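A.B. asks: Would you mind keeping the following structure in view while I ask a few things?
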């Protein structure tokens, strides 16, 4: 089987592990920078090219599309889909996951538990927006932020108003979200492959920090999820349409709440904390499902 891994950096842990796992299982793997890929749009045989090489004969593609290149990256993935090539996560699902507001709206429609979230444009609505999410403390999140960047905790109402006004001055789109006190600076990353949680870790923020992201100095340890947490994680990934997802959960007094569904979850933290070969599991999933034409969206949307 020929597998194309779309990644801007072949030295990244996740990219390298996927490449190694594919090669170890007897497949041919290629790491291609999505920004160096170019596409031919034609009615007969749409194709993707990389370094003067056509990729039409590949069997599967693994998108590792960074948030900063979502538009072009998903266009490349969509072109693979148009050629009938199986994508681990399809372009439409990646786009849904990247749009945090859209993702939360989809999860809400499916009845998945969420922190109460507000979104507004006019400064006239700031007071009601703060009240809507239960008042301070609260979180203000840029829609484009990743790995904890663009997330601010406002501990008082005055601070919340100041942060919201500052984000509006930047002409930025942002969410205002309920702060879950009982989580106590921890969250859970559930790694989902299709209809199963294959690994899970608890992330704990370093002292003086409210964000538990590992890139922010958080610590990770293996954790056993409850049956309800597993169900919620799988439902969230399925609602967004992702075969492989990192679902971030908070343990709250009203049950597990989904913070975010990640379409390109990192592998280093989860493999290190759990000791599981998640990369190998991903390749095994591709082996079972990567058949020519097994493309749900056919590159639409």
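A.B. asks: Could you please rank 229, 224, 287, placing first whichever residue has the fewest other Cβ atoms within 10 Å of its Cβ?
C.D. replies: Ordered by Cβ neighbours within 10 Å, fewest first: 224, 287, 229.
A.B. asks: Right, here's the next one. So for the stretch 2-89, averaging the separation of alpha carbon pairs under 8 Å that are six or more residues apart and normalising by length, what relative contact order in percent results? Before the final figure, lay out each step's value.
C.D. replies: Working: 146 pairs, mean separation 27.6, N = 88.
Normalised by residue count, the contact order of the stretch 2-89 is 31 percent.
A.B. asks: Next question. Starting from 0 in steps of 10 Å, tell me what percent of the Cα-Cα pairs of the stretch 117-179 lands in each bin.
C.D. replies: With a bin width of 10 Å, the distribution comes to 24, 63, 12, 0.
A.B. asks: By the gyration tensor of its Cα atoms, with a ≥ b ≥ c the square roots of the eigenvalues, what is the shape of the stretch 2-89: rounded for a/c under 1.5, prolate for a/b over b/c, or oblate?
C.D. replies: oblate
A.B. asks: State, as an integer percentage, the relative contact order of the chain based on alpha-carbon contacts under 8 Å between residues 6 or more apart.
C.D. replies: 20 percent
A.B. asks: By how many degrees, between 0 and 90 and to the nearest 10, does the Cα long axis of helix 227-240 differ from the longest principal axis of the chain?
C.D. replies: Rounded to the nearest ten degrees, it is 70.
A.B. asks: Can you tell me the orientation of helix 157-169 relative to the chain, as the angle in degrees between its alpha-carbon axis and the longest Cα principal axis, to the nearest 10?
C.D. replies: Between the helix axis and the principal axis of the chain, the angle is about 40 degrees.
A.B. asks: Whole angstrom only: what separates the Cα centroid of the stretch 1-46 from the Cα centroid of the stretch 85-141?
C.D. replies: So the two Cα centres are separated by 31 Å.
A.B. asks: Taking neighbour Cβ counts within 10 Å as the exposure measure, how do 110, 238, 100 sort from fewest upward?
C.D. replies: Ranked by crowding around the Cβ, least crowded first: 110, 238, 100.
A.B. asks: Quick one: angle between helix 13-24 and the longest Cα principal axis of the chain, in degrees between 0 and 90, rounded to 10, please.
C.D. replies: 30 degrees
A.B. asks: I would also like to ask the following. Would you mind ranking 77, 244, 198 so that the residue whose beta carbon has the fewest other beta carbons within 10 Å leads the list?
C.D. replies: Taking fewest neighbouring Cβ atoms as first place, the list is 198, 244, 77.
A.B. asks: Based on the mean of other Cβ atoms within 10 Å per residue, sort peptides 8-15, 84-91, 59-66 so the most packed one is first.
C.D. replies: For the peptides 8-15, 84-91, 59-66, the packing ranking is 84-91, 59-66, 8-15.
A.B. asks: May I ask for the Rg/Rh ratio of the chain, computed from Cα atoms with Rh as the Kirkwood radius, given to two decimals?
C.D. replies: 0.99
Read the figures in this text as sums done on the coordinates, not as results from a lab. The model shown is predicted, which means the values in this text are computed figures rather than measured ones. Virtual Cβ from ideal backbone geometry, glycine too; neighbours counted across all protein chains shown.
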